[in-house]
2 protein chains.
Amino acid sequence: MSEVRQKAALAKQASAVMNSLTTEQKNDALRLMADALVKEQQSIIQANHNDIARGRENGTSESLLDRLALNENRIADIAQGLRQIVELSDPVGRILEQFDRPNGLRVEKISVPLGVIGMIYEARPNVTVDAAGLCLKTGNAVVLRGGSAALHSNRRIVEVLREALSHSDMPLEALQLIEDADRASVDEMLKLNGLLDVVIPRGGASLIRNVVANATVPVIETGAGICHTYVDESAELEMASNIAFNAKVQRPSVCNSMETLLVHESFAANHLRVIANRFLAANVAIHGCSRTMSLIPEAEAATDQDYATEYNDYILNIRIVANIEEALMHISQFGTQHSECIVTENAGHAARFLQSVDAAAVYHNASTRFTDGFEFGFGAEIGISTQKLHARGPMGLPALTSTKYRIYGTGQIRG
Amino acid sequence: MSEVRQKAALAKQASAVMNSLTTEQKNDALRLMADALVKEQQSIIQANHNDIARGRENGTSESLLDRLALNENRIADIAQGLRQIVELSDPVGRILEQFDRPNGLRVEKISVPLGVIGMIYEARPNVTVDAAGLCLKTGNAVVLRGGSAALHSNRRIVEVLREALSHSDMPLEALQLIEDADRASVDEMLKLNGLLDVVIPRGGASLIRNVVANATVPVIETGAGICHTYVDESAELEMASNIAFNAKVQRPSVCNSMETLLVHESFAANHLRVIANRFLAANVAIHGCSRTMSLIPEAEAATDQDYATEYNDYILNIRIVANIEEALMHISQFGTQHSECIVTENAGHAARFLQSVDAAAVYHNASTRFTDGFEFGFGAEIGISTQKLHARGPMGLPALTSTKYRIYGTGQIRG
């Protein structure tokens, strides 16, 4: 039996126990995990040095090496993250609905763990701990498949966490790490129907595309975001400028940052120059429609390909539109249903935009950067779902649960 | 462009309008659809005769031809089904959550249509109307792909329904029928990410397996059910006998019927003979474990393959177990997480069974046949989900909705 299938089977066995742990048992296990990470930090940092050294040999960029690197401060932060998960309320075991039928049957709908979650992610080793903590807190078993660049770090981290679990009521087999660095191990995970209940990819666009294209296990798709800010005719200049600037520049590399600014033509005639100056001063390259180019000579021509690109970088498309309809059409054509914003003082336009734009999060007069589990007050974030099934937008702990019906009878049969 | 892609694109365009129809506009459209079916029934029956004639030429069994056949009574029932959907409350546009953040942002979570639903189903033409009614009522556009055996009927029905929609506020393009009878048209639907938001298969096991194996569009899996009834030591004989008999015999062809009866050894020693007699009198063939065979000589030997088979027929596996643990292990090994029942007077055993069995519906002292949207009081049933994501168990109208977050700001940006 392959490593993947064997570990998934162990996780599935463990999930039967996980399902009936109390909140306190789960929290105790998470606290032991946090303590162990700090206690064993030297061996983790040692393992991480191996990853860093190998990455440097392979010519990995310094910025990627920095994302990969662990030190005492970072491990303390990671352990602190686990302790924060302990504080969150347990979404499992809630009675979500309850009703009696005319035949006397009592029906209860209860929240339960999903079962076994497959997590497929890239290099940052903090995701290993974060994903483990979120899945175990919600009573799920988890099969982790991290990027090969962090394999030594992940292996040592999971050893430490499993050692900690062996002193808890939680079965250590509920936490599995796939060590096979071959891409085939991912492909095998994606087809493990019956052992995995869901696969959640966390990472770049190509990782997610591969998972969506090849999984037969249900997937929660996360990540891609081509987000727009539409500045309407009646927008206040300062507010519009601040929101647009924040949405692009505060952290361009993330999915809820803006890629395209849509501007009403009369607002553009009066104010686009001053807004563009602010972007240019922040070294943001502007790709513009022809009308934008006539107002902002520094812009280069934007193509449809540009409008369909998630830059994740200091590049911004600007398109001038005649009215809100044109803005809505552009978003419908190029948006990825992630986060979309209108800046306007016109309440009717705001209501129309929020009603008709089909996206996980639609904003009136606020930056799209707020699409985030922590910003929404969930206390955690598994990811931001960009699909419409199961969960949409920022996912907190309840996104890692399913439901079951319990039916209490006194001998009822169907007539 | 292929028929499939072209019609899905039209449906997607229409879904933007569907999304903002009022409940009354949707109900008016459904009423017009119901009226039109009755008014045009002769042409529908005519088209149905073509399907029946072709089926008879192809050697289709009389029981399948009966499922395919339409007459005035059946069309009246189908139209009545649409009128019942009108009466159901609209799950779209509800504020599911609402909270204010410390920075002043107001966040609302609203129920919205899924968007465009692909329905892939087999021969019964009533599914065409039922699926259309459920999807349109929930503000979704729908692309129907019925079985080729019902193509003439489906084509005429959809013509009639679209004609009715042309007199309503609902865009007729929200209702699409794929007429291409080639299997390739199904495969194409399964990969239409970006046009279809979800695919729902309704039909036999091989249809569903194909959809799950090949879809890249998210799927709601329905259907397969290997359901068990466990009769515990303390069960009351009459109740146990009635529940087991009902679960197997009342309608063996459906997914919530019982395939395997698990019986505690001391109950079996006293009562299995009388229960088995009742099944045998109803022409149910018994496949039994070795201990069952020694008590019930009429039984033939049950294999693991039998335990893993959804008979949908007058065949029953009986296995004698030493205790509840053995029953739980059997269900964990062979169950399909659909519907499972314990018959017992022991409250502790009942609680343990309902807690630890991982299934969409778990019963204490009632027949598994109640796993059904109508029996649960939902007033409709899209199907019974056997997966854990999005919806589990009988699905009513809310299963055809997603959510979006609306965020109201006053210029907030992220720090």
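Just so you know, all these numbers are worked out from the coordinates, no wet-lab data involved. Remember, it's a predicted structure, so these values are computed and weren't measured experimentally. Neighbour counts are summed over all protein chains in view; Cβ atoms, including those assigned to glycine, are modelled from backbone coordinates with ideal geometry.
Listed values, structure above:
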{"read-out": "Expected 222 nm ellipticity per residue - DSSP helices of 4 or more, -39500 (n - 2.57), all of the protein assembly as shown, to 500", "value": "-13500 deg cm²/dmol"}
{"read-out": "Given B:LYS191/B:LYS404; B:LYS7/B:LYS404; A:LYS109/B:LYS248; A:LYS39/A:LYS109; A:LYS137/B:LYS109; A:LYS404/B:LYS137, the pairs whose alpha carbons are separated by over 30 Å", "value": "A:LYS39/A:LYS109"}
{"read-out": "Nm distances between copies for B:ARG56, ranked from closest, using label points 7 Å along Cα→Cβ", "value": "8.4"}
{"read-out": "Value of D in µm² per second that Stokes-Einstein yields for the protein assembly as shown, Kirkwood Rh from Cα pairs, at 37 °C (0.692 mPa s)", "value": "114"}
{"read-out": "Globularity index of the range A:227-370, i.e. its alpha-carbon radius of gyration over 2.2 N^0.38 Å", "value": "0.91"}
{"read-out": "Closest approach to the axis - chain A beta-carbon, rotation onto B, Å", "value": "A:HIS390, 2"}
{"read-out": "Teacher prompt: A:TYR314 distances to equivalent labels in other copies, 7 Å Cα→Cβ, nm", "value": "8.0"}
{"read-out": "Nearest-0.05 FRET efficiency for B:GLN305 and B:GLN355, computed from C-beta distance (R0 45 Å)", "value": "0.90"}
{"read-out": "Average beta-carbon neighbours from other chains, 10 Å sphere, peptide A:377-386", "value": "1"}
{"read-out": "Sorted by Cβ neighbour density within 10 Å, fewest at the top, the residues A:SER89, A:SER266, A:SER185", "value": "A:SER89, A:SER266, A:SER185"}
{"read-out": "Calculated over the range A:89-248: convex hull of Cα atoms, volume per residue (Å³)", "value": "221"}
{"read-out": "Ranking of A:TYR307, B:TYR363, B:TYR405 by count of other Cβ atoms within 10 Å, fewest first", "value": "A:TYR307, B:TYR405, B:TYR363"}
{"read-out": "Over chain A, relative contact order from alpha-carbon pairs under 8 Å, at least 6 apart, %", "value": "18"}
{"read-out": "Calculated FRET value between B:VAL254 and B:LEU96, using beta carbons and R₀ = 30 Å, to 0.05", "value": "0.40"}
{"read-out": "Reference-scaled alpha-carbon Rg (2.2 N^0.38 Å with N residues) for chain A", "value": "1.11"}
{"read-out": "Computed FRET value (nearest 0.05) for A:ASN312 with A:ALA213, which takes r as the C-beta separation and R₀ as 35 Å", "value": "0.95"}
{"read-out": "Candidate aspartates and glutamates - alpha carbon under 18 Å from B:LYS26, same-chain residues fewer than 8 apart omitted", "value": "B:ASP35, B:GLU87, B:ASP90, B:ASP130, B:GLU163, B:ASP169, B:GLU173"}
{"read-out": "Copies compared at B:GLN25 - label distances in nm, ascending, label defined 7 Å from Cα in the Cβ direction", "value": "5.3"}
